[in-house]
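Visitor: I'd like to ask you about the structure that follows.
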Amino acid sequence: MAPEAGKDASRGPCQLCFRAIKWVPVLFIMCIVIWSYYAYVIQLCIYTVDSATEKIIYLVVYHCFFVMFLWAYIQTIFTQIGRVPLSYKLPEGELERLTHCDNEEMQNNILERFSKDLPNVNCTIGGAARYCEKCRHVKPDRAHHCSVCGECVLKMDHHCPWVNNCVCYTNYKFFILFLGYALLYCIYVSMTTLQYFIAFWKGNLDGMGRFHILFLFFVAVMFAISLASLFFYHIYLVSVNRTTLEAFRAPIFFTGPDKNGFNLGRKKNFIEVFGEKPRLWLLPVFTTAGNGLYYPTRACPTPVGGGGGGGQTATVGVGAYHTMEHMPTSLGDGLSYEKRVRDEDMEGLLNEVRFEDE
């Protein structure tokens, strides 16, 4: 008992240090945001801009972008990740049998029996149920294990160090809004500081505040370029209903890999992320459809049993994926075939062959 206790005690400080280090990128971003606020509001608007009307317009529009950007960023950081419910976890008896299986086929049979009542349409490359050995449960569709978070995450897109959180089902809308508002924030700052940046190089800008304005312009342009590529890439992913992980490796269905398996069309794909209430689309509040477990597929796009912005969204005919490979599709034994008796004349036969060739 004593060695184990010492081992756990030694892990404590290391774990705390690791958690503290993960917040460094977030603190870096917040320091830049706080400095940019000081540079724009104090040094530019209050000390540099002469016109009172221009000051008011600059400050009002700036604070609109600033508040929305900061709101979305905070939501992305502090929204809890989507965790796999206990219904996907194997009972102790099944887990014991799975652990002591002699071969992979027996393990697949146990997982198949357990997951037959789950609404999963994704599987492994071998057609078996997706199972996480670390979390010891069957993975829901589009869920993946995050090594940084140490658990499986629902509809995991990627783990982002700049928000110290997994971008997933619960905060994907917030992440996109954060990118969008951050891009607008940077574009607005760069456009309104451009004339003063030019004045600096012409020698028409005096005072120490001119250096804040100079660096503010450079930082805004630099971040705008990087944010633009990331934002429009995720807009594309939303339009095709695909995560970043699925863009690199297509999800596998019981019918085979299909990168467009969850693609329902641009409108339905957008609603799946942003919800059905247009007045809330641009606000960082949770409106994402479903519950992160069930997703309509291109083959079976009709949702049942809940729908809306918080209900359960299952797929019609999910079992068809499991039974499709057992369904007979052809008659006969493939060796002998009936002959068709034809009594057409030679000219009719030639005409038919000519038609088929065309």
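Visitor: Round to the nearest 0.05 the FRET efficiency obtained for Phe215 and Arg298 when R0 = 45 Å and r is the Cβ-Cβ distance.
Guide: On the way: r = 49 Å, r/R0 = 1.08.
The calculated FRET efficiency here is 0.40.
Visitor: Name the residues whose placed amide hydrogens come within less than 5 Å of the amide hydrogen of His137, ignoring near sequence neighbours (fewer than 5 apart) on the same chain.
Guide: Those qualifying (amide H under 5 Å, at least 5 residues apart or on another chain) are Cys132.
Visitor: Hey, can you find the accessible area per residue of segment 1-152 for me, probe 1.4 Å, expressed in square angstrom?
Guide: Per residue, segment 1-152 has an accessible area of 60 Å².
Visitor: Could you pull out every residue, at least 5 positions away or on a different chain, whose amide H is within less than 5 Å of the one on Glu151? Hs are placed 1.01 Å off N in the peptide plane, and Pro or chain starts have none.
Guide: Cys146
Visitor: Moving on to the next point. Using the basic label-point model (7 angstrom from Cα toward the beta carbon), what is the Trp35 to His158 distance in nanometres?
Guide: The modelled label-to-label distance comes out at 2.5 nm.
Visitor: Give me the distance between the Cα centres of segment 171-209 and segment 10-49, rounded to whole Å.
Guide: 18 Å
Visitor: Describe numerically, in nm with one decimal, the distance between label points set 7 Å from Cα along Cα→Cβ at Lys22 and at Met222.
Guide: According to this spin-label approximation, the distance is 2.7 nm.
Visitor: Tell me the net charge near Ala289. Cut-off is 13 Å between Cβ atoms, Ala289 excluded, with +1 for each Lys or Arg and -1 for each Asp or Glu. Each step should come with its number before you reach the end.
Guide: Numbers: positive: Lys155, Lys173, Lys267, Lys268, Lys277; negative: Glu272, Glu276.
Net charge around Ala289: +3.
Visitor: Apply 1/(1 + (r/R0)^6) to the Cβ-Cβ distance of Lys202 and Glu54, taking R0 = 22 Å, and write down the FRET efficiency to the nearest 0.05. Before the final figure, lay out each step's value.
Guide: Details: r = 19 Å, r/R0 = 0.88.
Efficiency for this residue pair is about 0.70.
Visitor: Given a Förster radius of 22 Å and the C-beta distance between Leu283 and Cys64 as r, what FRET efficiency does 1/(1 + (r/R0)^6) yield to the nearest 0.05?
Guide: Numbers: r = 13 Å, r/R0 = 0.58.
Efficiency for this residue pair is about 0.95.
Visitor: Show the residues, 5+ positions off or on another chain, whose built amide H is closer than 5 Å to the amide H of Asn291.
Guide: The list, which skips near neighbours in sequence, is Thr313.
Visitor: Using a 1.4 Å probe and counting only protein heavy atoms, arrange Cys160, Cys31 so the residue with the most accessible area comes first. Walk me through the numbers on the way to the answer.
Guide: Working: Cys160 15, Cys31 85 Å².
The residues order as Cys31, Cys160, largest area first.
Visitor: Okay, next question. Rounded to whole Hz and in sequence order, give me ³J(HN,Hα) for segment 76-83 from the Karplus expression 6.51 cos²θ - 1.76 cosθ + 1.60, θ = phi - 60°, writing x for Gly and Pro.
Guide: Whole-Hz 3J(HN,Hα) from phi for segment 76-83: 5, 6, 9, 6, 5, 5, x, 9.
Visitor: What is the distance, in nm, between label points placed 7 Å from the Cα along the Cα-to-Cβ direction at Gln195 and at Tyr233?
Guide: It is 3.6 nm.
Visitor: A follow-up question, please. Can you give the net charge of the other residues whose Cβ lies under 11 Å from the Cβ of Ala250, counting K and R as +1 and D and E as -1?
Guide: On the way: positive: Arg242, Arg249, Lys259; negative: Glu246, Asp258.
Taking every other residue near Ala250 into account, the sum is +1.
Visitor: Which loop-located GluC sites (Glu not before Pro) does segment 192-279 contain, where loop means any DSSP state but H, G, I, E or B and the Cβ has at most 16 other Cβ atoms within 10 Å?
Guide: Details: sites: Glu246, Glu272, Glu276; in loops: Glu276.
Of the GluC sites (Glu not before Pro), the ones in loops of segment 192-279 whose Cβ has at most 16 other Cβ atoms within 10 Å are Glu276.
The values are calculated or read from the model by the stated rules, or taken from the named source; none is laboratory data. The model shown is predicted, which means the values in this text are computed figures rather than measured ones. Quick reminder, even Gly has a Cβ in these numbers, built from the backbone with ideal geometry, and neighbours come from all protein chains shown. Ligands, DNA and RNA are excluded from the accessible area calculation, which covers all protein heavy atoms including side chains. Shrake-Rupley method; radii C 1.70, N 1.55, O 1.52, S 1.80 Å.
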